[in-house]
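Rule-based calculations on the coordinates, nothing more; no lab input. Here the structure is a predicted model, which is why all the values come from computation and not from measurement. Methodologically, a virtual Cβ is constructed for each residue, glycine included, from the backbone with ideal geometry; neighbour enumeration extends over all protein chains shown.
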Amino acid sequence: MHTVIRSATKEVLLGHDQKFCIIGERINPTGRRIFQEQLRAGDLSAIERDVAAQVAGGAMILDINMGVPLTDEPDLLGRAITLVQSITDLPICIDSSVVEALEVGLAAYKGRALVNSITAEDDRMAAILPLVKKYDAAVIALPNDHDEIPMEPEKRLALVDKIVRVATTEYGIPLADIVIDPLAMPIGADPKVGRSFFETVYAIRERYGINMTCGAGNNSFGMPGRDELGASFLPMAMAAGLTSAIMDARSPRMVSAVKAADVVMGNDEWGMAWIGDYRSKMAAIKAAAEVVAAR
């Protein structure tokens, strides 16, 4: 089952038979004080640098979040999307908790977006799913509600059932356009959450065969050596059924781990992409050595 996300000129497929989709997370002001100050002042130049770094790192889709307090988030999100589309052809994941901002972003976007996100809460689905339908987008859905973020795979799966039922029967959203985020949680807070996450991913794949994503950094939050933990977590999640992740595309360790897992799982046919990347790296190393030797 393929989820189709595209810009005006480039299409990306999420699927269990496709290469793992790296969704670059960097265009997000959360925890970035200087970036927030720049955005409040109307300075979007840091976005251009973030786009360049993520494209160079291997991002296939770019997540854009403009949730800055004391700003006009709808206007800021619309301008950011227009800017990003002027400098890259990568498709976009429009990330906001503000319904008005999502609509402005969807209206500004040229292509078929991924919306981040809804939950199993009735009011959130009622507010956002009509926009998803109106703009022919796909949507990320999290299995939590007003009562809790459930830890048990069975409870999460029950909320996935609710999301799928409501989205498909009440709003006419195709099953392929629902991307579930099975809720990666910090292992530093509870050592059981990693296993629970993998069990949830496997159960969703077995029941629905739909695509899944997560915030990859959530798993290692608060721990040292986060890139190393992410490089272990992601291939294990891929084997369970995860097909994409919102992650730091600037991390060579995590990106390489994902690409290696694609080879092992047969999604990089004959390892051609892996071999091409390896040859490019060796050529770059050789060229750098020649420049040093010539000095």
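The charge dipole of the chain, taken about the Cα centre with unit charges on the Cβ atoms of Lys, Arg (+1) and Asp, Glu (-1), comes to about 960 debye, rounded to the nearest 20.
Taking amide H atoms as placed 1.01 Å from N in the peptide plane, the amide H of ASN144 lies under 5 Å from those of ALA120, each 5 or more residues away in sequence or on another chain.
Close amide H pairs (under 5 Å, H built 1.01 Å from N) link MET223 with no residue at least 5 positions away or on another chain. Ranking SER96, VAL51, MET272 by how far each Cα lies toward the positive end of the dipole of the chain (charges on Cβ) leaves MET272 at the top. For region 1-134, the Cβ-based charge dipole about the Cα centre amounts to some 380 debye (Lys, Arg positive; Asp, Glu negative; other atoms uncharged).
Placing one equal scatterer on every Cα of region 175-295 and applying the Debye formula, the log10 ratio I(q)/I(0) at q = 0.09, 0.10, 0.16 Å⁻¹ is -0.32, -0.39, -0.81.
Multiplying the sequence separation of GLU154 and ARG207 by 0.36 nm and subtracting their Cα-Cα distance, what value in nm do you get? Don't skip to the answer; put the middle values down first.
Values: separation 53, 0.36 × 53 = 19.08 nm, distance 1.22 nm.
Contour length minus the Cα-Cα distance gives 17.9 nm.
Normalised by the number of residues in the chain, what is the relative contact order in percent for Cα pairs under 8 Å and 6+ residues apart? Display every interim value, and only then the final one.
On the way: 535 pairs, mean separation 58.4, N = 295.
Answer for the chain is 20 percent.
A convex hull fitted around the alpha carbon atoms of region 25-164 yields 125 Å³ per residue. At the listed q of 0.33 Å⁻¹, the Debye profile of region 119-161, built from one uniform point per Cα, gives log10 I(q)/I(0) equal to -1.13.
Multiplying the residue separation of LEU175 and ALA284 by 0.36 nm and subtracting their alpha-carbon distance yields 34.9 nm. Phi angles across region 257-264 convert, under the Karplus curve 6.51 cos²θ - 1.76 cosθ + 1.60 with θ = phi - 60°, into 3J(HN,Hα) values of 5, 5, 5, 5, 5, 4, 5, 4 Hz, Gly and Pro given as x. Phi angles across region 125-131 convert, under the Karplus curve 6.51 cos²θ - 1.76 cosθ + 1.60 with θ = phi - 60°, into 3J(HN,Hα) values of 5, 5, 7, 9, 4, x, 5 Hz, Gly and Pro given as x. What the phi angles of region 102-109 give under the Karplus curve with 6.51, -1.76 and 1.60, with θ = phi - 60°, is a coupling list of 4, 5, 4, x, 5, 5, 7, 6 Hz, glycine and proline written as x.
Residues whose amide H falls under 5 Å from that of VAL179, counting only those 5 or more places apart or on a different chain, are VAL139, ILE140, ALA141, with hydrogens built in the peptide plane. Each of ILE23, ILE210 has some number of other Cβ atoms within 10 Å of its Cβ, and from fewest to most they run ILE210, ILE23. With only Cα atoms counted, the chain has Rg and Dmax values of 19.2, 69 Å. Between ASP161 and GLU228, the FRET efficiency estimated from the beta carbon spacing at R0 = 25 angstrom works out to 0.10. So for the pair ALA126, ALA56, with labels modelled 7 Å out along Cα→Cβ, what separation do we get in nm? With each label placed 7 Å out from Cα toward Cβ, I get 4.8 nm.
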